[in-house]
């Protein structure tokens, strides 16, 4: 199973290229990330003109997510996330940094 990711930042620096990469998943029965999630990943190779990445490792995975049902905030559970509003639970491959708002500092600065 694979999913695509649009890269907005490389090593904390904004890239205007909006590079797309492919993430190969070895655990096909688990939801690793959903559309709209902010994910930390590692580029592992380029092959056939494609960039390949991984979210394997404790610091990699979902940093921020919203509830897929009602778009409210979610909290970490043992196997994923739980919505604070409607109670929906879902598996995710969470980073050790999930819920840590430090990634927000990566937002682009306003154009001058």
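The values are calculated or read from the model by the stated rules, or taken from the named source; none is laboratory data. Computed from a predicted structure; not experimentally measured. When we count neighbours, we look across all protein chains shown, and the Cβ atoms used for this are built from the backbone with ideal geometry, even at glycine.
Going through (1) crowded, with 19+ Cβ neighbours inside 10 Å; (2) closer than 19 Å to residue 20 by Cβ one by one, residue 50 falls short only on (1).
Taking every residue in segment 9-21 that is touching a residue at least 60 places away in the same chain (Cβ under 8 Å) and pairing it with any residue that is assigned to a loop (DSSP other than H, G, I, E, B), at least 6 positions away or on another chain, the pairs with Cβ-Cβ distances below 8 Å are 14/108. Screening segment 1-28 for residues that are touching a strand residue (DSSP E or B) at 6+ places or on another chain (Cβ under 9 Å) and assigned to a loop (DSSP other than H, G, I, E, B) and picking the one that is modelled with the lowest pLDDT gives 1.
Is it the case, given these coordinates, that residue 57 is at pLDDT 85 or above and out of contact with any strand residue (DSSP E or B) (no Cβ under 6 Å at 6 or more places or on another chain)? Yes, satisfied.
Just one of the listed residues (96, 73) is at pLDDT 90 or above and under 15 Å from residue 33 (Cα atoms), namely 96.
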